[in-house]
Amino acid sequence: MKRSLAILVSALSISAMTVPMTLPVWAEAADTKEEASDTQDLEDGVYIVDFNTDSSMFHTNEACEGKGQLTVEDGKMTLHISLVSKNIVNLFPGLAEDAQKDDAELLQPTTDTVTYKDGLSDEVYGFDVPVEALDQDFDLAIIGTKGKWYDHIVSVSNPEEMNDDNKLPVEVAEDEAEDTENAAEDTEDAE
């Protein structure tokens, strides 16, 4: 009888200790949901945001310190990210399997010039990625120069209105597809 009573008291003590610990977690989750819904109502404008990715191999250029530029226009969000090189040649908002279909609309690169803290600059590829919601994971497939597609999960968070103090050290040129088309037209005109 004493043993049963001791087990019961122990069980009650353990449950009493865990309940107060879980209540703040519930409250924290509710606060996070409220914050997420608040960020969905961004006014039209340009924001600096965190670009979160599941890979150490696919991320923004070190000069951008994990940030991207989010443009909100008529309630639609587009994220511009500058990558570390020109080795990723296309992105696809979705899964790699879908990116390989004939009717898949691949995101074309821009040539971005990033300037590092030491003053040196480099040309890298950048991409304009449609964003449906902040603080929510979404699929983004990439293909590199070797021709293999990879799936990644990314998210965008912590929007801050862009100003002179937080502006990214990036200059964006025209996208590569336009450059290629223009070069082809120039060649035809020359003939």
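The values are calculated or read from the model by the stated rules, or taken from the named source; none is laboratory data. The structure presented is a predicted model; accordingly, all values stated were derived computationally and were not measured. Because the Cβ atoms are built from the backbone with ideal geometry, glycine has one as well, and the counts that use them run over all protein chains shown. Quick note on the areas: whole protein, heavy atoms, side chains included, nothing else; ligands and nucleic acids left out. Shrake-Rupley method; radii C 1.70, N 1.55, O 1.52, S 1.80 Å.
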Exercise for the section: Inspect the stretch 175-184 for any residue being touching a Phe, Trp or Tyr at 6+ places or on another chain (Cβ under 8 Å), open to solvent by less than 70 Å² (accessible area, probe 1.4 Å), modelled with pLDDT of 95 or more and closer than 24 Å to Ala96 by Cβ and give the result as yes or no. Expected result: no
Practice task
Keeping to the stretch 164-174, report how many residues are within 20 Å of the chain's Cα centre (by Cα) and either at pLDDT below 50 or open to solvent by 50 Å² or more (accessible area, probe 1.4 Å) (or both).
Solution key: 3
Problem - Elements of type strands (runs of 3 or more DSSP E) in the stretch 60-157, at least 1 residues being in contact (Cβ under 8 Å) with a residue 40 or more places away in the chain, open to solvent by less than 20 Å² (accessible area, probe 1.4 Å) and of a type in the set (Val, Ile, Thr) - result: 76-82, 110-115, 121-131, 138-144
